[in-house]
Amino acid sequence: MTNAVAKRVDEDDLADRVVAAMRLHRSPSHPRTFEVWYAHLSGTIPALSAELQQGLDSGGFVGATVIDGLYNRYLATERLAQEANRTSSQILEEIAGLTRQINEAVDASELYHSEISALSEQGPASADRTMLRKWVETLVLSTRSEVARKATLESKLRDSAREISHLRDALETTRIEAQTDALTGLANRRHFEERLQACFEVATSDGIPLTLVIADVDYFKRFNDDHGHATGDQVLRLVAQTMTEHMVDRAVITRFGGEEFAIILPDTNLNDGKLYAESVRQALLKRELIKRSTNEKLGRITISSGVAAYKLGDTPTSLIERADQALLAAKRTGRNRTVTQDALTR
């Protein structure tokens, strides 16, 4: 058996093992699920394997929430980092080439000026027509050569400028992708943490209000179990769309993880934050979920939300914990409601 054939057989065997593991542990049939299990079983990302193994040891079920978390933390981040590095390298190469072109143009220009200076010093007497003609011809040829070099340089500079612009756009696209949740199109957890830290700095230094909402889709596991993961994804996209449609100025809406969403509301007090959360909850109640594959009506989607506002001495972690505690209170008291931090002290 040749090395190429052996390698293909090994890869086919690994792919079969991946599919079998997905079925055994009831993982959703998504491309990203295959990637996560493939990385685990091939041993290419030890940290991913260690985290996945913990989940297997604790219960054996590896659902969409676990898969999404592993994919976003390890595979998506790695791919985007590689793409950013590749694009950055291309930009640096283009700039290096541009620098070489400029240096060559400077050298050519210095040579041209040297030639002109030499011709000026060697200029024939005005009475010597033959020598004067040759001198002028030499001057014209040298000038034409310099004009041609500059035209070539100008063309190369335009091409390089266009290429650098394309690469800069590609790098910006990669940066945006690194901050975006692929399923919902919302900001992801990484972007949430960056924005919350920035908003905290403003709230701390300038005393500007800051409110955080954490929302969770009620009975989400039931949607997945009863109707499949594709319908579960549809639920998440519908919630994300509704939140976006009701977004207030400067709000940062993120997929916090699994079926949880976090909304940062700068320059917003606790009461206004609750009103925003309530507007989203009530808007969802007016929408009926319809299974796309069968047009079957699946009922209404409800969410529970916890709302917390910045207090002096808070950290991002303490604010998240307080909003999360309010969310748990909403769950405990019947779901499909919004609870603020004030209810935690009663």
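The values are calculated or read from the model by the stated rules, or taken from the named source; none is laboratory data. Remember, predicted model here, so these are calculated numbers, not experimental data. Cβ sites come from the backbone with ideal geometry, for glycine too, and all protein chains shown count toward neighbours. Just the protein is used for accessible areas: all its heavy atoms, side chains included, with ligands, DNA and RNA removed. Shrake-Rupley method; radii C 1.70, N 1.55, O 1.52, S 1.80 Å.
Quick notes on this one:
- Here the label points at residue 194 and residue 42, each 7 Å from Cα along the C-beta direction, are separated by 2.8 nm in the simple model.
- Residue 275 paired with residue 288, simple spin-label distance in nm, labels 7 Å along Cα-to-beta-carbon: 3.2
- For the range 217-346, the solvent-accessible area of protein heavy atoms averages 49 Å² per residue (probe radius 1.4 Å; ligands and nucleic acids excluded).
- Computed lengthening from residue 297 to residue 53, 0.36 nm per intervening residue step minus Cα-Cα distance: 84.1 nm
- The lysine pair count for the range 203-346, using Cα distances under 27 Å and pairs eight or more places apart or on different chains, is 13.
- Full-stretch length increase - residue 201, residue 163 - with 0.36 nm per residue and alpha-carbon distance subtracted: 9.9 nm
- Spin-label pair residue 225/residue 328, simplified geometry with 7 Å Cα→Cβ offset, distance in nm: 2.2
- Amide H contacts under 5 Å for residue 290, placed H, 5+ residues apart: 298
- Calculated FRET value between residue 312 and residue 247, using beta carbons and R₀ = 41 Å, to 0.05: 0.90
- Surface composition of the range 207-308: carbon and sulfur atoms hold 47% of the protein heavy-atom accessible area at a 1.4 Å probe.
- Most tightly packed first, judged by the mean number of other beta-carbon atoms within 10 Å of their residues, the peptides 320-326, 211-217 read 211-217, 320-326.
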